[in-house]
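The values are calculated or read from the model by the stated rules, or taken from the named source; none is laboratory data. Note that the coordinates shown come from a computational prediction; the quantities given were computed from them, not determined experimentally. Backbone-built Cβ (ideal geometry, glycine too); neighbour counts: all protein chains shown.
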Amino acid sequence: MRRGQVAAFTILGLVVVAIFSTVYVFREEIFGATFGRETSQALAVPPQAEKLRVFVDSCIGEVAEEALSTLSLQGGYINLPSADVPASPVYPFSNNFDLFGDSGNEVPFWFFEDAYGVQQTQVPSLRDMEKEIESYIDGFLSVCINDFVTFKQQGYSISFTPPKAAVTIGEKNVLFSVDFPIDFVVRDFDFSFDTFNKRVSSPLHELHAVAKEILVFENENYFIEDRVLEMMVVYDNIPFSGVDFECSPKSWTKTDVYNDLKNIMASNLPAIRIKGTTFTKGVSAKSFVIDALKKKHTLTSLFAYNPSWPLLMEVVGEDGEILRGDPFTSENEASQFLLPLFCLNDYHFVYNLKFPVVIALEKENTVFQFATLAIVQNNQPRENRANIGLFDVETPICDYPSKKLKVVAEGYRPNSVVSSLAGASISMKCLNQVCNIGTTQLEGSTFSLTKPVPSCFNGLMIAEKEGFHRAEKLVSTNQNLEEVVVTLEPLHEVVIDVLVDDEGSLREPYASEQVLFTFTNKEQKYATSVIYPSQKNVKLVAGSYEVSSSITIESSQGFKLKKKDIEVCNDVPKKGVLGLAGLTKKECTTHTIDATTINQIPVGGSSVDWFVNRESLLAATEVTLYALRGPTPQSIDEITKVYEVMREKEVRRPILK
């Protein structure tokens, strides 16, 4: 192709994109003008048809309000994103966050890090939200209409086709145009409706834009993580970094630090204020007022963390329950000459933290909320590896397929033969857009899908089919490419048989024991977990796994852990200017852990690497899993020892049968 032709195609492509972008930017004005004309025409409905029109309008309004409320409370989603790797007791974070632990109220993570350490974003665009609302109206308007039963009982003869909604989220309103052809006859009068229009006042557009702007600022500046690090420095009950001149070094328990940090975050994170929003000045410290917005907005914001929410806390290099500082003068040989003069203790603890923060924006009684995962690594905010675009500009990628491509989805069969699959769903991700391509079907002698796809550099071709693990393949459709083959690994379900290694003797689990098994296959980006005996089957794909287990026992009466005094003793220098170098005495401090009652208590577990051969997996019907059982802990420090034993002891690898 000549340079002139290439240039012409390039210019044509830019023109198409420019036209599309212009139409999108001014879509509210275009739609609003049409909306206004159709609304004026609707006012001319004859009196005999007014009753029916009012009924349909009220149903549209009712369903529209439900859709807007649900979508706002769920961060721009009505149907929450599905989780590739579900949350588990081992790693409690996935695509969505359960606010109350009952799966009844969830919000999406707009930013999170999955169990494999991959950072992901799932921020819906305006068009994504419009599609969610349209789908909701199409599905639930018919429920409200209820086949016009009330009107039919009054002698109406009514026929109609299913509704099809078009939604535009404007700056101050959400516009609904519902294509809903209705023909009816009552006595000697007949009339037809085609389209119903409704305008609902809503700050959804503004709330979504502000939420996105706040998240972009957080992902670039880490103001949540920085505020938490400030709290850890300020509060004495969180050991962090510093020195003191006490001759009795301070010490803390991990359990207390964990609980105190949760309560500190719950009390202080709501003090974060976003500059440019409505809040009472002087309520928060100056460092807690975040300049994240480019202009002012008459809305309120709230940052929330609840002590019942998960917190992953690791104190690097500290395996025991007790955290204490290093006595510089008493344990450092080079400084022994200072002992008679003063005591010096150095405290420096390194933390890794992960915890959810829910951000809620409110205006005109509309609450828009979403979650983000805050991450501290080695006392520093996480490194950002996930980009979020600030401006909500729709790209016409999916609407302009230009490259004809054949996609073959193939899967492994029980005899290890690879063959093409019928009915596999094919989609393609390019930039921030996921384009639905279609499903594979018989084309000649093979199952495939040949269709135009968008021209994209380093896109992802995605294949999904029931009974197989989702597969992805990196493709550049803007290059000379005619066929793509995506290979799917089969998901094979096997029955679980569990044996507990109780001090060297194998036995079946007791009725009071529950065993949690977590299977993590990083190679295939697949993870699953089961709780035995309530779950007795597991689906696996071939590959290398880390299989972790933990055994808990449960009692309705609870396990009473007695009040525990932990004594920490150190050799410290005797006071006195005339003392001799190296002269020390033993001083002890006592830490009290209050008595508590818990319903479940850990009694063992294990972790082991396991390779699953594909042929063996597909031929198996059962898998035997092993877990280590230890003595029942009687105190909090004994609970800590349970996890230490889990790391130190070896357990048998699972066996397929």
Subject >> Residue within the stretch 287-310 that is at pLDDT below 90 and charged (D, E, K, R) present >> reply: no
**OP:** Scan (1) surrounded by fewer than 21 Cβ atoms within 10 Å (Cβ to Cβ); (2) touching a residue at least 40 places away in the same chain (Cβ under 8 Å); (3) farther than 16 Å from residue 410 by Cβ for the single condition residue 453 breaks and write down its number.
**Re:** (1)
Subject >> Matching residues, the stretch 74-130, being without any contact (Cβ under 8 Å) to a residue 12 or more places away in the chain and of a type in the set (Lys, Arg) >> reply: none
Subject >> Residue count for the stretch 619-633, restricted to those that are among the charged types (D, E, K, R) and closer than 12 Å to residue 506 by Cβ >> reply: 1
Subject >> Unmet requirement for residue 407, which otherwise passes all of (1) on the phi > 0 side of the Ramachandran plot; (2) modelled with pLDDT of 90 or more >> reply: (1)
Subject >> Checklist (1) touching a Lys or Arg at 6+ places or on another chain (Cβ under 8 Å); (2) over 17 Å from residue 54 (Cβ atoms) applied to residue 158, failing item >> reply: (2)
**OP:** Could you pull out the residue among 169, 145 that is within 26 Å of residue 70 (Cβ to Cβ) and in contact with a Leu (Cβ under 7 Å, 6 or more places away or on another chain)?
**Re:** 169
Subject >> Lone qualifier among 443, 464 - being within 22 Å of residue 522 (Cα to Cα) and either at pLDDT 90 or above or among the small types (Gly, Ala, Ser) (or both) >> reply: 464
Original post:
Based on what the data block shows, is residue 116 part of a loop (DSSP other than H, G, I, E, B), touching a Lys or Arg at 6+ places or on another chain (Cβ under 7 Å), modelled with pLDDT under 90 and surrounded by fewer than 21 Cβ atoms within 10 Å (Cβ to Cβ)?
Top reply: yes
Original post:
In the stretch 59-113, how many residues are of a type outside the set (A, V, I, L, M, F, W, C) and assigned to a strand (DSSP E or B)?
Top reply: 5
**OP:** Evaluate the following for residue 566: is it modelled with pLDDT under 75 and either part of a loop (DSSP other than H, G, I, E, B) or farther than 21 Å from residue 548 by Cβ (or both)?
**Re:** yes
Subject >> The lone exception for residue 239 - which of (1) surrounded by fewer than 21 Cβ atoms within 10 Å (Cβ to Cβ); (2) in a loop (DSSP other than H, G, I, E, B); (3) not hydrophobic (A, V, I, L, M, F, W, C) it fails >> reply: (1)
Subject >> the stretch 179-237, residues that are of a type in the set (D, E, K, R) and free of Cβ contacts under 8 Å to residues at least 60 places away in the same chain >> reply: 179, 183, 187, 188, 190, 194, 230, 236
Original post:
What is the number of the single condition among (1) surrounded by fewer than 17 Cβ atoms within 10 Å (Cβ to Cβ); (2) free of Cβ contacts under 8 Å to residues at least 60 places away in the same chain that residue 66 does not meet?
Top reply: (2)
Original post:
Out of curiosity, is residue 483 modelled with pLDDT of 90 or more and more than 23 Å from residue 541 (Cα to Cα)?
Top reply: yes
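When you scan the stretch 362-380, do you find a residue that is modelled with pLDDT under 75, touching a strand residue (DSSP E or B) at 6+ places or on another chain (Cβ under 7 Å) and assigned to a loop (DSSP other than H, G, I, E, B), even just one? Can you show your working first?
Applying the first criterion (modelled with pLDDT under 75) to the stretch 362-380 yields none.
So far as the stretch 362-380 goes, no, none of its residues is modelled with pLDDT under 75, touching a strand residue (DSSP E or B) at 6+ places or on another chain (Cβ under 7 Å) and assigned to a loop (DSSP other than H, G, I, E, B).
Is one or more of the residues making up the stretch 520-527 assigned by TED's automatic domain parsing to the domain that holds residue 537, under 30 Å from residue 557 (Cα atoms), of a type outside the set (S, T, N, Q) and touching a residue at least 60 places away in the same chain (Cβ under 8 Å)?
Taking every residue of the stretch 520-527 in turn, none turns out to be assigned by TED's automatic domain parsing to the domain that holds residue 537, under 30 Å from residue 557 (Cα atoms), of a type outside the set (S, T, N, Q) and touching a residue at least 60 places away in the same chain (Cβ under 8 Å).
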Subject >> Residue count for the stretch 473-491, restricted to those that are among the acidic types (Asp, Glu) and surrounded by 14 or more Cβ atoms within 10 Å (Cβ to Cβ) >> reply: 1
Subject >> Enumerated strands (runs of 3 or more DSSP E) restricted to the stretch 404-505, each holding at least 1 residues that are in contact with a Ser or Thr (Cβ under 7 Å, 6 or more places away or on another chain), within 30 Å of residue 655 (Cα to Cα) and in the same structural domain as residue 628 (by TED's automatic domain parsing) >> reply: 492-502
